[in-house]
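Colleague: This structure is in structure tokens; I'll ask about it shortly.
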Amino acid sequence: MLNFSFQNTTQIHFGEGQIKVLSDVIPKTSKVLVTYGGGSIKGNGVYDQVAAALSEHTWFEFSGIEPNPKYDTLMKAQDLIKEHDIDFLLAVGGGSVIDGTKFIAAAALFEGDDPWDFVAKGAAVTKALPLACVLTLPATGSESNSGSVVTRDGNKLPFMSPFVQPQFAVLDPSVTLSLSDRQISNGVVDAFVHTMEQYLTYSVNGKVQDRFAEGLLQTLIEEGPKALVAETKNDLEVRGNIMWAATMALNGLIGAGVPQDWSTHMIGHELTGAYGIDHARTLSIVLPAVMKVCTEAKREKLLQFADRVWNLTEGDEDSRVSRAIELTEEFFKTMQVPTRLSDVDLGEADIDGLIEKLTQHGMVKLGEHGDITPEVSRKILVTAL
């Protein structure tokens, strides 16, 4: 196992009706800015619950944070923060709203010329407004980690800072009952691939991390499809297991002390940046191709994945690996997401532009070994056709 330092400071308030804890866990003296997306929280009752919980607080709201939050949108919140002397941010939504709020929090106290610098140029984030969140769409794990992804002019780029780690997160599975099938599918697949990026690398005898990861993968495989069928769609136990799995997939626990990949995400970001494809749907297209192209580098963990997650013990190594990849693709199809570029109307002619963007963004040594060059990324995308 590799050396590591692990700490997760986000307090989780999990369960039905937990939105009410906002009244106690946000200081009454705070001036709160509630951030959210397109307004769905006003139709499903979440907004009303938040408003009731903050009835004794001074609070304002900023809406319109879109999927793959855009820099120009997020910067509009700065005027509100200055006008009302905001000193606490509460993100109410899914990963995009939380990611966007992290950017808002850091940008509010940024002392340089342009807050985009800590995304595009790696400028240090030295402070940020405190923030917390009410999660409505389990997927990204952003509710309990220090990462964020923001888009500007078609460039979708990540940044990380401990200063934007949420102080707490409210996870109420009942609020996910209003999600569309597409949102459910995207969330399950996002969490699945987050787990795979930290698991499907090479062994360092991190038995605890591996077993946690395998349990998360099995849970998502078992519970994900249940959230799409009428008989179990409204089962709060199903939704609760999905919600907790998505949080655990990217809160730092399973990635501590083990090598990580993230090539699927970096390549996927370019698909979203260029064509606006849902983040999870880029992952379901790219991951199987990464598994195929990088089979030899990942052979040991692929065989472990085949055995422990898919219970494949018969046949030679190559057949077990191939079958594990097939079953992964079948799971994605069950979750109603694409597994080929052709499924989203992209072809070979589109690959050059994606490789150009990867290179422009410095994504030239991807993967756990740093050996996924633009040439290998091209092979991955061709394999995904």
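Residues checked against (1) within 23 Å of Ile184 (Cβ to Cβ); (2) surrounded by 16 or more Cβ atoms within 10 Å (Cβ to Cβ):
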residue: Thr29; (1), (2): no, no
residue: Gly45; (1), (2): yes, no
residue: Thr73; (1), (2): no, yes
residue: Ile86; (1), (2): no, yes
residue: Phe103; (1), (2): no, yes
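Colleague: Here's another thing I want to ask about it. Go through the stretch 222-246 residue by residue and tally those that are open to solvent by less than 10 Å² (accessible area, probe 1.4 Å) and assigned to a loop (DSSP other than H, G, I, E, B).
Modeller: Result for the stretch 222-246: 1.
Colleague: Does Met266 satisfy being at pLDDT 95 or above, touching a strand residue (DSSP E or B) at 6+ places or on another chain (Cβ under 7 Å) and in a helix (DSSP H, G or I)?
Modeller: It is true that Met266 is at pLDDT 95 or above, touching a strand residue (DSSP E or B) at 6+ places or on another chain (Cβ under 7 Å) and in a helix (DSSP H, G or I).
Colleague: Could you pull out the residue among Ala297, Ala324 that is surrounded by 13 or more Cβ atoms within 10 Å (Cβ to Cβ), among the small types (Gly, Ala, Ser) and part of a loop (DSSP other than H, G, I, E, B)?
Modeller: Exactly one of Ala297, Ala324 is surrounded by 13 or more Cβ atoms within 10 Å (Cβ to Cβ), among the small types (Gly, Ala, Ser) and part of a loop (DSSP other than H, G, I, E, B), namely Ala297.
Colleague: Are any residues in the stretch 143-168 within 23 Å of Ser40 (Cβ to Cβ) and either over 15 Å from the mean Cα position of the chain (by Cα) or surrounded by fewer than 19 Cβ atoms within 10 Å (Cβ to Cβ) (or both), and if so, which ones?
Modeller: Phe168
Colleague: A follow-up question, please. Being in contact (Cβ under 8 Å) with a residue 60 or more places away in the chain and under 20 Å from Glu368 (Cα atoms) is the filter; apply it to the stretch 300-321 and report the residue that is most open to solvent (accessible area, probe 1.4 Å).
Modeller: Glu300
Colleague: Residues of the stretch 362-377 being open to solvent by less than 50 Å² (accessible area, probe 1.4 Å) and either of a type in the set (Asp, Glu) or touching a residue at least 12 places away in the same chain (Cβ under 8 Å) (or both), which ones?
Modeller: Met363, Leu366, Gly367, Glu368, Ile372, Pro374, Val376, Ser377
Colleague: While we're looking at this one, here's another question. Looking at this structure, is Leu346 assigned to a helix (DSSP H, G or I) and at pLDDT 95 or above?
Modeller: No, not satisfied.
Colleague: Any idea how many residues of the stretch 116-142 are free of Cβ contacts under 8 Å to residues at least 60 places away in the same chain, closer than 21 Å to His279 by Cβ and either open to solvent by 20 Å² or more (accessible area, probe 1.4 Å) or of a type in the set (D, E, K, R) (or both)?
Modeller: 3
Colleague: Which condition number does Tyr202 fail, the rest of (1) surrounded by 21 or more Cβ atoms within 10 Å (Cβ to Cβ); (2) aromatic (Phe, Trp, Tyr); (3) not in a helix (DSSP H, G or I) being met?
Modeller: (1)
Colleague: Give the stretch 267-288 a look and list any residue that's surrounded by fewer than 23 Cβ atoms within 10 Å (Cβ to Cβ) and either of a type in the set (A, V, I, L, M, F, W, C) or more than 19 Å from Glu214 (Cβ to Cβ) (or both), or say none.
Modeller: Scanning the stretch 267-288 gives Thr272, Gly273, Ala274, Tyr275, Gly276, Ile277, Asp278.
Colleague: Within the set of pairs 6 or more residues apart or between chains, which connect a residue that is more than 11 Å from Leu216 (Cβ to Cβ) and β-branched (Val, Ile, Thr) inside the stretch 240-259 to a residue that is open to solvent by 10 Å² or more (accessible area, probe 1.4 Å) and not in a loop (DSSP other than H, G, I, E, B) with Cβ atoms less than 6 Å apart?
Modeller: Close Cβ pairs satisfying both conditions: Val258/Gln209.
Colleague: State yes or no: is Gln218 among the polar types (S, T, N, Q), under 17 Å from the mean Cα position of the chain (by Cα), in a helix (DSSP H, G or I) and surrounded by fewer than 23 Cβ atoms within 10 Å (Cβ to Cβ)?
Modeller: no
Colleague: Here's a follow-up. Residues being under 14 Å from Ala91 (Cα atoms), over 24 Å from the mean Cα position of the chain (by Cα) and in a loop (DSSP other than H, G, I, E, B): count how many of those fall in the stretch 26-47.
Modeller: 1
The values are calculated or read from the model by the stated rules, or taken from the named source; none is laboratory data. Owing to the predicted nature of the structure, the values given are computational and were not obtained by experimental measurement. We place every Cβ from the backbone using ideal geometry, glycine too, and count neighbours over all the protein chains shown. Side chains included, ligands, DNA and RNA excluded: accessible areas come from the protein's heavy atoms. Shrake-Rupley method; radii C 1.70, N 1.55, O 1.52, S 1.80 Å.
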